[in-house]
Amino acid sequence: MTTIELESRYTSGVYPKRDVAIVRGEGARVWDEEGRAYIDCVGGHGVAIVGHCNPAVVAAIQRQAETLITCPEVFYSDVRAKLLERLLSIAPAGLERAYLCNSGTESVEAALKLARLCTGRSEIVAMKRGFHGRTMGALSATWEPKYREPFMPLVPGFTHVTYGDLDALSAAVNDETAAVLLEVVQGEGGVNVGSGDYLRGVQALCAERGALLIVDEVQTGFGRTGKLFACQHHDLRPDLLCLAKGMAGGVPMGAVLIGSRVGELASGVHGSTFGGNPLACAAALAAIDYMLAHDLPGEAAEKGARFMQRLAGIETRLIREVRGLGLMVGIDLRKRVTPYLRALMDEGVLALPAGSTVLRLLPPLVISDDELDTVYRAVEKVLTA
Ligand SMILES: *Cc1c(COP(=O)(O)O)cnc(C)c1O
């Protein structure tokens, strides 16, 4: 049996799969079983920020694997202590502590619980087109009806308002609102870039009404948008900041960074068996040090701006809009995106959808100018064919 036949036979079936078996990766490229190379603008759904098999991350994992793989948070850990220190030293202003977990949805789940706990309020206002994950709490905050409806009833107390509409938010936030939850750039919802005025307005409204501000940077965090954290484009000071995806160089890891308004947390209120796992901590420390040493946020800002400018110059009726921030790029089409993703794959470029019409590119931030040029030419070819 081939890999594809074997996996198809036993996998759950919950993923829409493409007909390719990826066996190896290096930098911005991956290879399939036949030895064919692709430039990877899926990037593990935005995870491969420092590139596939980044040598610094590989070495850190090898060292830690020989030393200690598991150590729950009821004990202290040398590598965890170092990661926490590093993480908080680079965090947006006002964030002082961190809770470590294993995925994006878990970081959102933790933030929702902490917001309820510390405010004594139960309601959450989230955004239309927002995406926060698939576990019950995070799913309740996620807007897309096709993800939600099969699983009703969800957690009570969630409402969704139009992203970018401060009046709608003002009408929704009241003295039962524990937190407002949003992304700085909506990823899955179509690469919708929030404006600084709007986001600062949301922050001011939260402060005025006694609600916490939870910013979900699971996708935008760690340099993707051209700043280490997208909050830093607008001087936002979230009370809870959700992170995951690129945090640990491809190893599953998430975190919630916690601001002073959250207050002291009692032991036992939340936890995770794998949270703060030493192997993941070592990988994250190496990945973060690599991002800083190679100024990956600066690379993303510069490469992303040039790339989007070129994309915006493609002359075709098919493109409604090119938008994004840094190397988080969306091309909104007047048609469904799926056939174009397939055509791009034939050209040796992997890309992903965001909603039904947006072609989304989340390349590793280490992608070279030549590779990005190849991506551009492939995109131009398939969209003008
Ligand atoms: C991917 C994503 C999540 C969910 O992360 P998982 O690791 O898949 O649970 C949550 N929020 C945002 C903004 C995301 O992009």
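The values are calculated or read from the model by the stated rules, or taken from the named source; none is laboratory data. Remember, predicted model here, so these are calculated numbers, not experimental data. Note: ideal-geometry Cβ built from the backbone for every residue, glycine included; neighbour counts use all protein chains shown. Side chains are part of the model used for accessible areas, which takes the heavy atoms of the whole protein and leaves out ligands, DNA and RNA. Shrake-Rupley method; radii C 1.70, N 1.55, O 1.52, S 1.80 Å.
Using the structure shown, decide if residue 296 is under 18 Å from the mean Cα position of the chain (by Cα) and either open to solvent by less than 30 Å² (accessible area, probe 1.4 Å) or of a type in the set (D, E, K, R) (or both). So residue 296 fits the description; yes. Of everything in segment 169-189 that is within 16 Å of the ligand (Cβ to nearest atom) and charged (D, E, K, R), the residue that is surrounded by the most Cβ atoms within 10 Å (Cβ to Cβ) is 183. Restricted to segment 341-365, and to residues that are assigned to a loop (DSSP other than H, G, I, E, B) and buried (at least 21 other Cβ atoms within 10 Å of the Cβ), which residue is nearest to the chain's Cα centre (by Cα)? Among those residues, the one meeting the criterion is 362. Restricting 84, 166 to those that are more than 23 Å from the chain's Cα centre (by Cα) and open to solvent by 40 Å² or more (accessible area, probe 1.4 Å) reduces the list to 166.
Restricting attention to segment 226-275, the residues that are touching a Ser or Thr at 6+ places or on another chain (Cβ under 7 Å), buried (at least 21 other Cβ atoms within 10 Å of the Cβ) and part of a loop (DSSP other than H, G, I, E, B) add up to 1.
Whenever a residue of segment 190-208 is of a type in the set (A, V, I, L, M), its partners that are open to solvent by 20 Å² or more (accessible area, probe 1.4 Å) and not in a strand (DSSP E or B), lying with C-beta atoms within less than 8 angstrom and at least six residues away or across chains, give the pairs 199/234; 202/166; 205/166; 205/170. Starting from residues that are surrounded by fewer than 22 Cβ atoms within 10 Å (Cβ to Cβ) and at positive phi, keep the ones in segment 114-150 and report whichever is nearest to the ligand (Cβ to nearest atom). Per the stated criteria, the residue is 129. Segment 54-145 holds helices (runs of 4 or more DSSP H) entirely within its bounds, and those carrying 3 or more residues that are of a type in the set (Lys, Arg) map to 78-90. Every test in (1) within 15 Å of the ligand (Cβ to nearest atom); (2) among the aliphatic types (A, V, I, L, M); (3) out of contact with any Lys or Arg (no Cβ under 7 Å at 6 or more places or on another chain); (4) in contact (Cβ under 8 Å) with a residue 60 or more places away in the chain is passed by residue 265 save one, and that test is (1). Residue 236 meets the conditions (1) within 18 Å of residue 132 (Cα to Cα); (2) touching a Pro at 6+ places or on another chain (Cβ under 9 Å); (3) not small (Gly, Ala, Ser) in every case but one. The failed one is (1). Can you say whether residue 57 is in contact (Cβ under 8 Å) with a residue 12 or more places away in the chain and open to solvent by less than 20 Å² (accessible area, probe 1.4 Å), as far as the supplied structure shows? Spelling it out, residue 57 is indeed in contact (Cβ under 8 Å) with a residue 12 or more places away in the chain and open to solvent by less than 20 Å² (accessible area, probe 1.4 Å). Does residue 287 qualify as being surrounded by 23 or more Cβ atoms within 10 Å (Cβ to Cβ) and touching a Gly at 6+ places or on another chain (Cβ under 6 Å)? Yes.
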